[in-house]
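Everything on this sheet refers to the single structure shown next.
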Amino acid sequence: MILYTKGTRTLYQSINPYTLETLGEYETFSDQQLTNVLILAEKAFADWKHSTFASRNDKMLRVAQLLRERKDQLALLITSEMGKIISEAYGEIEKCAAHCEYYARHAEEILRDTVIPTEVHRSVVAYEPVGAVLAIMPWNYPFWQVFRYAAPTLMAGNVTLLKHAPNVIGCGQAIEAIFREAGFPEGVFQHVVLEPERVEQLIQADIVQGITLTGSERAGSNVAALAGKHIKKSVMELGGSDPFIVLADADLQKAARVAVQSRLLNAGQACICAKRFIAVADIYNDFLDAFQQEMLTYKQGNPLNPEVKVGPMARLDLADTLKKQLDNSIRQGARPLLGGQVQGCSFAPTLLSEITPQMEVFRQETFGPLAAMLKVKDPAEALAIANQSRYGLGASLWTQDLEEAYFLARKVETGNVFVNSLVRSDSRLPFGGIKKSGYGRELGEYGLKEFTNIKTIVIEA
């Protein structure tokens, strides 16, 4: 991604992961450019925080309209920059548009003053904007990850600075252009091109009052430390090693179909992809066979081909990392059943069985199309194995006993549990993790209020 350095600045390359051709080159901002960005954000916030919800609604609904009108070119941009199959890229654009509509229609109601009954004349909780929110966003969902935070942030009356991943800078620029065309004032949404080591220049600025990061555990640890150093509110949505638990009474064919979908969605490059597949002994062999047969139906190739179901991984180094995790786990005793071949960024869908908690594919996040299958004796052991992880983002649980499902779901140590369903994000529901998967919440009512000043007002007669 880094082409060369120019003095204290870096030139990034965007490379198509399927063809390996260069799509664009982008120079990072100078110190003066960053200063100008911060000045502009401060000026914009002074006005934007006083804008009406009606005005914000109109602009956000216009963003949704523009996304749908330009879905063909935007989906192509996503696929070209990070390799997502084109049908998933279209789905990502539509999800962003619907998300904008949700917050445009519900933000005012959610942020309405709350009256708390007390012994005094009036006690009110108000939700007020705080300033600029700095967002450090990843490449795997280059539009959705941005809109996920941006729509509630802007509807709450804040402004934002986006530092996007270096391999999807074209997506970052396209998003900024859409917000500007939709009528958002200059400085309300700004995209910056910046090296990771210079992020503190933005975090320390007075106008920046919140930091949200979606990314790796290492990136989250570094940015969270800087946020703490400068006493700034932060939300961290980090890695995951989600368990997919299959009990004896599950619908095995449906479970296997959704399991493979969950593992291979976005070529396995999602924090909430299922990664550890845990099945009880009574149905383990049947589930493993059904999983294997379903995985064989996933054609890999050119992500622009509508018949292809698995595209390339986003970068060569990511494929290399996954291959090392695969090879190390095989040396540790894992049994390879499918896949394992790597050509460029294309990593064949891979299935391993006979996994133990000591293996890399169990202990680490595997960010790619690699599935690890574990056999347990009963639901109690399944729960123990599921919780034996440093991560706690999502989990999928499969059983026809819905009372038992709810009981077990309360004991799974994650931020999200989906019963008989794919783990997914929903604008209406809070999303986030625990343990090394991060802290804070996005989406829903809680995500809208994360970057507000929750102000108590007490009036005595």
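The values are calculated or read from the model by the stated rules, or taken from the named source; none is laboratory data. Remember, it's a predicted structure, so these values are computed and weren't measured experimentally. Don't worry about glycine lacking a Cβ; one is built from the backbone with ideal geometry, like all the others, and counts go over all protein chains shown.
Only residues that are under 12 Å from the mean Cα position of the chain (by Cα) and either charged (D, E, K, R) or part of a strand (DSSP E or B) (or both): list them for segment 427-437, please. Residue satisfying the conditions is F431 alone. Filtered by the rule that a residue be under 24 Å from P185 (Cβ atoms) and either out of contact with any Lys or Arg (no Cβ under 7 Å at 6 or more places or on another chain) or modelled with pLDDT under 95 (or both), segment 122-133 gives V130, G131, A132, V133.
Being assigned by TED's automatic domain parsing to the domain that holds E109, modelled with pLDDT of 95 or more and within 30 Å of N305 (Cα to Cα) is true for just one of L23, L40. Which residue is that?
Every option except L23 fails the conditions.
To keep it simple, each residue is scored yes or no on (1) under 22 Å from the mean Cα position of the chain (by Cα); (2) under 22 Å from Y391 (Cβ atoms); (3) crowded, with 17+ Cβ neighbours inside 10 Å; (4) among the small types (G, A, S).
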{"position": "L296", "(1), (2), (3), (4)": "no, no, no, no"}
{"position": "P312", "(1), (2), (3), (4)": "yes, no, yes, no"}
{"position": "D317", "(1), (2), (3), (4)": "yes, yes, no, no"}
{"position": "T350", "(1), (2), (3), (4)": "no, yes, yes, no"}
{"position": "I355", "(1), (2), (3), (4)": "no, yes, yes, no"}
{"position": "F362", "(1), (2), (3), (4)": "yes, yes, yes, no"}
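List the residue pairs whose Cβ atoms are under 7 Å apart, where the first residue sits in segment 203-215 and is buried (at least 22 other Cβ atoms within 10 Å of the Cβ), the second is part of a loop (DSSP other than H, G, I, E, B) and among the β-branched types (V, I, T), and the two are 6 or more positions apart or on different chains. Here the result reads G210/V130, each pair linking segment 203-215 to a residue that is part of a loop (DSSP other than H, G, I, E, B) and among the β-branched types (V, I, T).
Taking the conditions exactly as written (under 14 Å from W48 (Cα atoms), touching a strand residue (DSSP E or B) at 6+ places or on another chain (Cβ under 6 Å) and among the aromatic types (F, W, Y)), does F184 satisfy them or not? The answer is no for F184.
Yes/no per residue for (1) surrounded by fewer than 16 Cβ atoms within 10 Å (Cβ to Cβ); (2) basic (K, R); (3) closer than 16 Å to P312 by Cβ:
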| site | (1), (2), (3) |
| --- | --- |
| T5 | yes, no, no |
| P17 | no, no, yes |
| E27 | yes, no, no |
| F45 | no, no, no |
| R56 | no, yes, no |
| L67 | no, no, no |
| K71 | no, yes, no |
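All conditions in (1) within 26 Å of P17 (Cβ to Cβ); (2) crowded, with 18+ Cβ neighbours inside 10 Å hold for Q343, with the sole exception of (2). Evaluated against (1) more than 20 Å from S262 (Cβ to Cβ); (2) touching a residue at least 40 places away in the same chain (Cβ under 8 Å), N328 falls short on exactly one condition, (2).
Residues considered: E413, E365. Of these, the only one that is touching a residue at least 40 places away in the same chain (Cβ under 8 Å) and not in a strand (DSSP E or B) is E365. Across segment 244-289, the qualifying residues are those that are β-branched (V, I, T) and in contact with a helix residue (DSSP H, G or I) (Cβ under 9 Å, 6 or more places away or on another chain), and the one among them that is surrounded by the most Cβ atoms within 10 Å (Cβ to Cβ) is I245. Quick one: is I116 closer than 30 Å to P303 by Cα, of a type outside the set (D, E, K, R), at pLDDT 95 or above and outside the structural domain of E307 (by TED's automatic domain parsing)? No: the conditions fail for I116.
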